[in-house]
Every structure is written in structure tokens, then in C-alpha cells.
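In what follows, a single structure is set out as C-alpha cells and then discussed.
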Ligand SMILES: CC(C)(COP(=O)(O)OP(=O)(O)OC[C@H]1O[C@@H](n2cnc3c(N)ncnc32)[C@H](O)[C@@H]1OP(=O)(O)O)[C@@H](O)C(=O)NCCC(=O)NCCS
């Protein structure tokens, strides 16, 4: 199949279960045994911070092989000024279709849409390896931190306009959209709607731990 045969389009209700299954397949055992991202996708769509205009899938030969979603978030400066921004994620590509440019295509498509909507900053918390090629930089370079002056190594900032951030310190205030994912019983219950899948350990879990617990101090 030629990569050019794919189409990028908005997700619709008929895609919901396929996209949830795609998220489950892509994230299974990646950052912990099992995963919660299929549940995250499921609950995100009805949250007030969800941005349906940026909910896209990539379809190849009639099959959805990649998906991306965004939520509204905020940056607050030291004077209390608020800037509306986006958090990207989950971004997922079905195993077997990864490293073929589909993630890149979905990101570039939705970055352009987000810019048209007036957004100029996108943030996500993830493995820098996946994002630096898309122009994401360390939060430290833009002086964007979590409350308490923490600059996580995994906090990545993409500006959609060069002058989007002016060097002043901004505190990132993510949506609470992912909070229900802490409810392990709810995740387990949702997971039972899918075919059984074995949980296990893999090295990416340690990699995730290292990235998500590291911060930049100089
Ligand atoms: C991460 C993911 C979304 C990337 O999508 P993809 O379609 O596989 O990636 P692409 O083929 O579009 O590659 C995009 C770029 O990232 C680079 N890249 C991707 N993964 C990489 C890795 N693990 N290490 C180094 N570079 C990597 C590619 O070299 C490419 O760079 P280029 O544009 O300069 O050629 C996809 O692999 C995936 O779903 N993985 C499992 C779930 C996941 O990890 N999601 C992200 C959560 S942080």
C-alpha cells in the first residue's frame, strides 16, 4: 500500500470503538502493564475541554490506523494573565503501521487546523523521542513549568507561531480531563468490553518512568 493512499478526516461516532481499540493496541504495556488510554479516549469526547474540531483519524484502505485528539488547557503568567492553549494527546498509530509517517501526517494536519482556530501553543507530556522531529522543544526553553517551578523533561512545547511565547514564566494548567483514568476499577471495567489481552512488563515502562519523573534544573 502506498502511503499516499491514506485520508485524514474528522472522527465520527462510527469510529468510536475502532479508535478506542486502536488506542488500546498502541498503548498496551507501553507505560505500565495494560493501559488506560482507550478509556481516556472514551471519556474525553464528552468532557467540556475536548476540542472536537481537532479530533482526527487517518484512514488507510478503509481502516482507521491512527488517531489524534486535543483538549483545551491554560498557561498563567506571574501577573495572573491567562493564555488559552491546547494539550495534544493521545496520539496513536496502530502497531504494524508505525514509523511510516502517519503520526507525523496527523500532527502536521492538526497543527495547521489549530493555528487556523487561533491557537499558537500546543503542549504534551510524553517521550521527547517521538516529538522533537515535529518541532517540540523542552518546556524549559520557553520558560513553561508546572506549578511549583517544575520543568519536567517530558513536558514538551510546540509553538505554532514564532512569537507565541515571549520568555516570561508561564505555569501550565492542564485540563482535569484525564483524572477519571486514575480510577483503576473503572479502567478495568471498561477494558472488559474488549478482547482479552495479556498484561506484562516491557522496557518502555522503565523508559516512561525515567522520562516522567525527570525534570530539568539547569
Ligand atoms: C509515537 C507514534 C505516535 C509516532 O507515530 P509514527 O507514525 O509511528 O511516527 P512517524 O513515522 O510519523 O515518525 C515521526 C518522526 O518521529 C521519529 N520517531 C518516531 N518514533 C521515534 C523513536 N522512538 N525514536 C526516535 N525517533 C522517533 C521518526 O524518525 C520521524 O522523524 P522524521 O519526521 O524526522 O522522519 C506511534 O509510533 C505510536 O502510536 N506509538 C505508540 C503510542 C505512543 O507512544 N504514543 C505517543 C505517546 S508519548
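Once you place label points 7 Å from the Cα toward the Cβ at residue 46 and residue 192, how far apart are they in nm?
Rounded to a tenth, the inter-label distance reads 1.9 nm.
Can you tell me the equivalent ellipsoid semi-axes for the range 1-48? Use √(5λ) from the Cα gyration tensor, largest first, whole Å.
They are 22, 17, 8 Å, listed largest first.
Order these by the 10 Å Cβ neighbour count, fewest first: 92, 181.
Ascending number of Cβ neighbours within 10 Å: 181, 92.
What are the semi-axes of the equivalent ellipsoid of the range 90-166, taken as the square roots of 5 times the eigenvalues of the Cα gyration tensor, listed largest first and rounded to whole Å?
They are 23, 17, 9 Å, listed largest first.
What does the extension gain come out to for residue 163 and residue 29, with contour length at 0.36 nm per residue minus their alpha carbon separation?
44.4 nm
Cut-off 10 angstrom, C-alpha nodes, Gaussian network model of the chain. Which of 67, 204, 31 fluctuates the most?
Among 67, 204, 31, the largest mean-square fluctuation in the Gaussian network model of the chain belongs to 204.
For an R0 of 41 angstrom, estimate the FRET efficiency from the Cβ-Cβ distance between residue 99 and residue 78 and round to the nearest 0.05.
Result of the calculation: an efficiency of 0.50.
What do you get for the angle between helix 16-27 and the principal long axis of the chain? Use alpha-carbon atoms, 0 to 90 degrees, nearest ten.
Compared with the principal axis, the helix lies near 70 degrees.
Which order, highest average first, do 211-218, 140-147 follow once you tally other Cβ atoms within 10 Å for each residue and take the mean per peptide?
140-147, 211-218
Taking R0 as 25 Å, what FRET efficiency do you get between residue 215 and residue 184 from their Cβ-Cβ distance, rounded to the nearest 0.05?
Given R0 = 25 Å and the Cβ-Cβ separation, E is 0.45.
Treating the range 131-218 as a set of equal point scatterers at the Cα positions, no solvent, please give the Debye-formula log₁₀ I(q)/I(0) at q = 0.18, 0.19 Å⁻¹.
For the range 131-218, the Cα-only Debye profile gives -0.97, -1.02.
State the extension gain, in nm to one decimal, for the chain segment bounded by residue 207 and residue 13, taking 0.36 nm per residue of separation less the distance between their alpha-carbons.
66.4 nm
Take 134, 168 and order them by how many other Cβ atoms sit within 10 Å, fewest up front.
168, 134
Just the number, please: percent antiparallel of the DSSP beta bridges in the range 96-193, rounded to the nearest 5.
The antiparallel proportion sits near 80 percent.
Give the relative contact order (percent, whole number) for the chain; include only Cα pairs under 8 Å separated by 6+ residues.
23 percent
What whole-number value in cubic angstrom gives the convex hull volume per residue for the C-alpha atoms of the chain?
Spread over its residues, the Cα hull of the chain gives 133 Å³ apiece.
Specify the inter-centroid distance of the range 156-210 and the range 55-107, based on alpha-carbon positions, in whole Å.
With the range 156-210 and the range 55-107 each reduced to a Cα centre, they are spaced 12 Å.
Values quoted throughout were computed directly from the atomic coordinates according to the rules given, and no laboratory measurement underlies them. What you see is a predicted model, and the numbers here were worked out from it, not measured in a lab. Note that each Cβ is placed from the backbone with ideal geometry, even for glycine, and that neighbours are counted across all protein chains shown.
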